[in-house]
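The values are calculated or read from the model by the stated rules, or taken from the named source; none is laboratory data. A quick note: this is a predicted structure, and the numbers were derived from the prediction, not measured. Cβ sites come from the backbone with ideal geometry, for glycine too, and all protein chains shown count toward neighbours. All accessible areas refer to the heavy atoms of the entire protein, side chains included, with ligands and DNA or RNA removed. Shrake-Rupley method; radii C 1.70, N 1.55, O 1.52, S 1.80 Å.
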Amino acid sequence: MSDSKAPAAPSPKTNRLGLVLQDYRGAKSTLCAGCGHDAISAAITQAFFELGVDQHDVAKLSGIGCSSKTPAYFLGRSFGFNSVHGRMPAVATGTNLANRQLRLVAVSGDGDSASIGLGQFVHFLRRNVRMLYVIENNGVYGLTKGQFSATADVDSVLKHGTRNDLEAIDTCGLAVELGCDFVARSFSGDRKQLVPLIKAAAAHGGTALLDVISPCVTFNDHDGSTKSYKYTREHDWALHEIGFVPGYENVDVEIAAGETKDVELPDGSHITLKKLDEDYDPTDRLEAQRVLHRAREERKIVTGLLYVNPESRSFADALEMVDRPLAQLGEDDLRPGAADLAAVMDELK
Amino acid sequence: MVVGAGWAGARAMTSTSGPGISLMSEFAGLSYYAEVPAVIWDIQRVGPSTGLPTRTAQGDVSMVANLSHGDTEHIVLLPATVEECFRCGQEAFDLAEEFQTLVFVLSDLDLGMNQWMSDPFEFAEPPYRRGKVLDAEAIEKVGKFERYRDVDGDGVPYRTLPGNPHPQAAYFCRGSGHDEAAAYSESAEVYQRNLDRLARKLDTARDRVPAPVLDAMEGATIGIIAFGTSDAPMKEARDMLSAAGVATDYLRLRALPLNDAVTEFIDGHEHVFVVEQNRDAQMAGLIKLHCGDVAHKLTSLLHYDGLPIHARFIADGVTAKVGQKVEV
């Protein structure tokens, strides 16, 4: 973790902007006590506090669902937009194009992104819009009393005994396949892994997909569920111990040879990945597919940074969008002159 | 995408036709209720469903006027010529930003995809009307900012754009119930107050959207109301009628919501024809809603075979009612 890399600066009470953790909180959550989503909100709060992000530069987006309520519960000083079920990616794309200076943080759910919004999800990844895209994945539709969602594992069982007959859609597998340049999976109960992953995802130059298993305590936390706290803990296959050192800290990253991999991002920050059981290279897309398929076969939940390509070309770059927010462009920039119109009219004569 | 860009402060529009609007109608309610500027250009084609995809109609009028679940009303522009479409470009954005809401522009397949003769377009001189946007300095000056507070009594609140660094600037935009300060609310009073303000806002827009254009004829007791591409054959139809001794006044609608100019026009004539290119007299329905008990005065002339409306259809429709024969 970044703290352990910089022993001279122990866990700070204030960050580089002179703000305290409390300043990064949002409204009080209305979700069920013990909901995984609240732990993720807390992890986002902590990550952005520790990074010292100016909240006015952040726009929070979400679709509809339990998960999509959460942007109200973190970064209370940021603008937020709770949009339409499954179609947050379109709203986020428009926001990014209108103002590429905004750092987008989006929260969606497995229903929002893998069911109604799957088409939007796929095209968003294809476009590589710069955004931290968190899917709070609990395998059920919590707001409508806990039916299976499209990410529920085959043969997992609902509270009242209904068995799921269908194969799960794996958002991480899809993302790797679609060319997403930052794909990670984590667990809401593992803040040690989640916080540095959020920091790394926030530093990424394109879409950073972070699928977080986030147990639903009301509808999907029983025996027979494969998205419960107990099941996730017992079947968690962590690829590495992850750390993040932001670029502004300007600290030499010490790498223990053979034990830790280091991925440098264009903004000068570093992701450090300490080896656990076996070697894993997160810059190999095929390797990412392989571990995801293996995890499915072995009924494990593989967590960590599955794939990263630090040299990511975002949608705004591909479109050569201006750096200045479009909202700040005036008539001088936007309105061609009378002579230009006359020239067009002449062509049509 | 347009809604996201509009929220972030860019002028954004998309163009589509009826089925695209049906598919994405949820966003119309979001734009109206969360008060996000957006422009949708509808090249109307024949419906319902896939209908006749390459034929023309004015069949989306009642759909877009109130599109969305719940109580909703949108500003709609009704250009009749390519030159008017050109001017509508700026007008639609100006209105969307001034009223922080969705603006539909109803073109149709005849106007949008056929070739038309036109005089050269004139260069638009008027400055952009960007509406009530507060930057950090402006918030500092007024001292207090609440996103949905009706400060001026016209139903139109002030807004801030993401990225505004003032500590009061940020707000949470949502399609769920919200109070004046943009906080989530399920309060009955707050909900009703907000809905009433939105109605007040659209009332303000009533007299700010492009007004109907009146083309009067000496001694006319018969009125004709039309809009959009029905304008093209109207001149010829009125000439035919005039030659047969039937003088007509013509009111061309250019926008919704309707205003009192329509009521006055109907009041001032013995008989009024409403010409439109759909089966269900969609515009006449909106006129009856706005103008009250005028049904006895209105006769609808409805052209809905997918082909452009023509002068003979209008002239015959009028003479059939008033008992004159038109010579060609």
*Number of the condition not met by A:Gln101 [criteria: (1) surrounded by 24 or more Cβ atoms within 10 Å (Cβ to Cβ); (2) at the interface with chain B (Cβ under 7 Å from one of its Cβ atoms)]*: (1)
*asked:* Can you say whether B:Ala284 is surrounded by fewer than 20 Cβ atoms within 10 Å (Cβ to Cβ) and not charged (D, E, K, R), as far as the supplied structure shows?
replied: no
_Just to be sure before I move on: is B:Val82 more than 14 Å from every other protein chain (Cβ to nearest Cβ), in contact with a Phe, Trp or Tyr (Cβ under 8 Å, 6 or more places away or on another chain) and either under 19 Å from B:Gly306 (Cα atoms) or β-branched (Val, Ile, Thr) (or both) in the structure I sent?_
no
*Could you check, for the range B:163-184, whether at least one of its residues is under 24 Å from A:Ser83 (Cβ atoms), in contact with a His (Cβ under 7 Å, 6 or more places away or on another chain) and more than 13 Å from every other protein chain (Cβ to nearest Cβ)?*
no
*Selection status of A:Ala92, under 16 Å from the mean Cα position of the chain (by Cα), facing another protein chain (nearest Cβ under 9 Å) and not acidic (Asp, Glu)*: yes
*Yes or no: B:Glu276 closer than 18 Å to B:Leu251 by Cβ, assigned by TED's automatic domain parsing to the domain that holds B:Gly245 and open to solvent by 30 Å² or more (accessible area, probe 1.4 Å)?*
no
_Restricting to the range B:287-304, give me the number of residues that are in contact (Cβ under 8 Å) with a residue 60 or more places away in the chain and either of a type in the set (Gly, Ala, Ser) or open to solvent by 50 Å² or more (accessible area, probe 1.4 Å) (or both)._
1
*Give the number of residues within the range B:256-299 that are hydrophobic (A, V, I, L, M, F, W, C) and under 18 Å from the mean Cα position of the chain (by Cα).*
13
*Would you please list the contacts, defined by Cβ atoms under 6 Å and residues six or more apart or on different chains, that run from a residue in the range B:126-151 that is within 12 Å of another protein chain (Cβ to nearest Cβ) and of a type in the set (Lys, Arg) to a residue that is in a loop (DSSP other than H, G, I, E, B) and crowded, with 16+ Cβ neighbours inside 10 Å?*
B:Arg147/B:Tyr171; B:Arg147/B:Ala182
*Residues that are open to solvent by 40 Å² or more (accessible area, probe 1.4 Å), farther than 30 Å from A:Tyr24 by Cβ and without any contact (Cβ under 8 Å) to a residue 40 or more places away in the chain: which strands (runs of 3 or more DSSP E) entirely in the range B:164-247 hold 1 or more of them?*
B:213-215
_Answer from B:Lys141, B:Lys132 - the residue that is among the basic types (Lys, Arg), under 30 Å from B:His166 (Cβ atoms) and open to solvent by 40 Å² or more (accessible area, probe 1.4 Å)_ = B:Lys141
_If A:Lys60 satisfies all but one of (1) basic (Lys, Arg); (2) more than 9 Å from chain B (Cβ to nearest Cβ); (3) out of contact with any His (no Cβ under 9 Å at 6 or more places or on another chain), what's the number of the condition it fails?_
(2)
